[in-house]
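K.L.:
Here's a structure for you.
The values are calculated or read from the model by the stated rules, or taken from the named source; none is laboratory data. Since the structure is predicted, the reported quantities are computational estimates derived from the model, not experimental observations. Reconstructed Cβ throughout: ideal geometry from the backbone, glycine too, with neighbour counts over all protein chains shown.
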Amino acid sequence: MNGDKRRDVIFDIVVKSYIETAEPVGSQTISRRSGIGLSPASIRNIMADLEDQGLLHQPHTSAGRVPTDKGYRYWVDTLMQPEELEKSKKAWVQHELSSARTIEALAERVSKIISALTGNAAVIYVKNLKRVSFLSYLLDELIEAQRISEFLEEEPEIFVEGLFRVFEQPEFSDQRKMIRLLQAFDDKDHFVEILSEDMDADGIQVYIGSESGFDELGPVSLVVKDWYLGRTPIGGVAVVGPTRMRYPRVVSAVDFVARSASEAVSRF
């Protein structure tokens, strides 16, 4: 195993261990879990290199390491393995969405489903809520004429579910961090701006910590995917949680639920 491979194995263990425990990860833990035959001293040297590269941070001199925002970005982009939703969960999602008969009812169900699947807060953004039901009757004609955008209103609707789940995380035991995040949710403009900008991007978008551009959110990540009426994005499905969130699970859940919501809208 070459040096880069050893580094990635050790870094992968640090990230996964910290996601599971919320505790800084030391060389002894890595030595037990890695199976690469390195001594704790050698592992500490590699962890020091990872810290120099900005991927790890040592919160206290005698403590282990924790991932930085840059570290999470490297892990998500390079090392993360998908965690597919179980078939039973997929069937449950589709059953729950199948009985919704309005966009508002669908958005409410999506928010509850996402929060339950991921153990984090869900933010559902719906642009043009008042127009969407009307558009359903004109969908084929409007798609053909490429005129859907002419019917879109600017005022969005935001549905939030499971905020309490975020505050159960140890990162938010600090009251000041809790207050800052509550203010962001209360204002909602921050989320509208992020989700609106995301509608110009394809696929899943992951904003880690400071990448959101809003310091008020604190140590928070967002995982976002658009949902559609026909081929036109009408909003976003987002998970909001600590940067220590279980990204493989969250990414799979957001992707599947957003696609299922788009399919449900097409049946109205």
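K.L.:
Do the conditions hold for VAL250, that is, is it crowded, with 20+ Cβ neighbours inside 10 Å and modelled with pLDDT of 90 or more?
P.N.:
On the way: crowded, with 20+ Cβ neighbours inside 10 Å: yes; modelled with pLDDT of 90 or more: yes.
Answer is yes for this residue.
K.L.:
Return only the number of the condition from (1) over 18 Å from ARG244 (Cα atoms); (2) assigned to a helix (DSSP H, G or I); (3) in contact (Cβ under 8 Å) with a residue 24 or more places away in the chain that ALA100 does not satisfy.
P.N.:
(2)
K.L.:
From SER98, SER27, SER31, SER42, which residue is assigned by TED's automatic domain parsing to the domain that holds SER210 and either closer than 24 Å to PRO219 by Cα or among the hydroxyl-bearing types (Ser, Thr, Tyr) (or both)? Please lay out each step first, then the result.
P.N.:
Values: SER27 fails: assigned by TED's automatic domain parsing to the domain that holds SER210; SER31 fails: assigned by TED's automatic domain parsing to the domain that holds SER210; SER42 fails: assigned by TED's automatic domain parsing to the domain that holds SER210.
Only one candidate passes the filter, namely SER98.
K.L.:
Something else: Consider ILE158 against the criteria (1) surrounded by fewer than 11 Cβ atoms within 10 Å (Cβ to Cβ); (2) modelled with pLDDT of 60 or more; (3) outside any helix (DSSP H, G or I): it satisfies all of them except one. Which criterion is unmet?
P.N.:
(1)
For (1) within 18 Å of ILE204 (Cβ to Cβ); (2) at pLDDT below 95, each residue gets a yes or a no:
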site: ALA41; (1), (2): no, yes
site: ASN45; (1), (2): no, yes
site: GLN58; (1), (2): no, yes
site: PRO67; (1), (2): no, no
site: ASP77; (1), (2): yes, no
site: GLU84; (1), (2): yes, yes
site: SER88; (1), (2): no, no
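K.L.:
Which one of GLU51, GLU83, GLU20 is assigned to a helix (DSSP H, G or I), under 22 Å from VAL166 (Cα atoms) and either touching a residue at least 40 places away in the same chain (Cβ under 8 Å) or not assigned by TED's automatic domain parsing to the domain that holds SER221 (or both)?
P.N.:
Answer to the selection: GLU20.
K.L.:
Now a separate question. Mind listing just one residue for me: the one in segment 14-29 that is hydrophobic (A, V, I, L, M, F, W, C) and buried (at least 20 other Cβ atoms within 10 Å of the Cβ) and, of those, nearest to ASP69 (Cα to Cα)?
P.N.:
Here the answer is VAL15.
K.L.:
Right, another one. Between residues in segment 66-77 that are in the same structural domain as ALA22 (by TED's automatic domain parsing) and in contact (Cβ under 8 Å) with a residue 12 or more places away in the chain and residues that are assigned to a loop (DSSP other than H, G, I, E, B) and of a type in the set (D, E, K, R), which pairs lie under 9 Å by C-beta distance while being six or more apart or on different chains?
P.N.:
Correct list of pairs: VAL66/GLU23; VAL66/ARG244; PRO67/ARG244; TYR72/ARG244.
K.L.:
To continue, here is another question. Among (1) farther than 20 Å from ARG246 by Cβ; (2) surrounded by 14 or more Cβ atoms within 10 Å (Cβ to Cβ); (3) not basic (Lys, Arg), which single condition is ASN45 missing?
P.N.:
(2)
K.L.:
Tell me whether segment 27-43 contains one or more residues that are touching a strand residue (DSSP E or B) at 6+ places or on another chain (Cβ under 6 Å), assigned to a loop (DSSP other than H, G, I, E, B), β-branched (Val, Ile, Thr) and more than 30 Å from SER260 (Cβ to Cβ).
P.N.:
Within segment 27-43 (the criterion being touching a strand residue (DSSP E or B) at 6+ places or on another chain (Cβ under 6 Å), assigned to a loop (DSSP other than H, G, I, E, B), β-branched (Val, Ile, Thr) and more than 30 Å from SER260 (Cβ to Cβ)), the answer is no, since none of the residues qualifies.
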